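Student: My questions will all concern the structure given below.
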């Protein structure tokens, strides 16, 4: 192994964590939009995550609010929302957007979540095996 890598504190664990994040995003992308780039899908995931948080707080989610909170340009947020609408992941209510429970509760989505949960479990075990190396 290169000397620089060996000198980084928790280098193996940091790599394992970065690898886990990318693997989870790519697994989600493969389920939802397999022809999309990882970066494009990450934007979708960021928007869905914010929609969830906003719904939980009872806040309305418009393109402008989603853009401001995610730092994604409004035109890109609009494109991503349109794709999520076509997929059935979100619903539009006037100029507001909400998550679609039937989509997230579908067998397909639940199975995908279970697969990603296994990925997290394995990565957690692997990182524990690395302990404080």
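The values are calculated or read from the model by the stated rules, or taken from the named source; none is laboratory data. Values in this document were obtained by computation on a predicted structure and should not be read as measured data. With ideal geometry, Cβ positions are generated from the backbone for all residues, glycine too; neighbour counts draw on all protein chains shown.
Student: Would it be correct to say that residue 48 is free of Cβ contacts under 8 Å to residues at least 40 places away in the same chain, surrounded by 15 or more Cβ atoms within 10 Å (Cβ to Cβ), part of a helix (DSSP H, G or I) and out of contact with any strand residue (DSSP E or B) (no Cβ under 6 Å at 6 or more places or on another chain)?
Tutor: no
Student: Any residue that is at pLDDT below 95, surrounded by 14 or more Cβ atoms within 10 Å (Cβ to Cβ) and not in a helix (DSSP H, G or I) - is there at least one of those in segment 11-19?
Tutor: Checked against the condition, which is being at pLDDT below 95, surrounded by 14 or more Cβ atoms within 10 Å (Cβ to Cβ) and not in a helix (DSSP H, G or I), segment 11-19 yields no hits at all.
Student: For residue 60, all conditions in the list (1) touching a strand residue (DSSP E or B) at 6+ places or on another chain (Cβ under 7 Å); (2) surrounded by fewer than 17 Cβ atoms within 10 Å (Cβ to Cβ); (3) outside any loop (DSSP other than H, G, I, E, B) hold save one; what is the number of the exception?
Tutor: It is condition (3) that residue 60 fails.
Student: Another one. Report yes if residue 54 is more than 30 Å from residue 12 (Cβ to Cβ) and either touching a helix residue (DSSP H, G or I) at 6+ places or on another chain (Cβ under 9 Å) or surrounded by 12 or more Cβ atoms within 10 Å (Cβ to Cβ) (or both), otherwise no.
Tutor: yes
Student: Right, next: When residue 80 is evaluated against the numbered criteria (1) part of a helix (DSSP H, G or I); (2) touching a strand residue (DSSP E or B) at 6+ places or on another chain (Cβ under 9 Å), which criterion, by number, is the only one it fails?
Tutor: Against the list (1) part of a helix (DSSP H, G or I); (2) touching a strand residue (DSSP E or B) at 6+ places or on another chain (Cβ under 9 Å), residue 80 comes up short only on (2).
Student: Using the structure shown, decide if residue 116 is touching a residue at least 60 places away in the same chain (Cβ under 8 Å), assigned to a helix (DSSP H, G or I), on the phi < 0 side of the Ramachandran plot and within 15 Å of the chain's Cα centre (by Cα).
Tutor: When the stated conditions are applied, residue 116 passes them.
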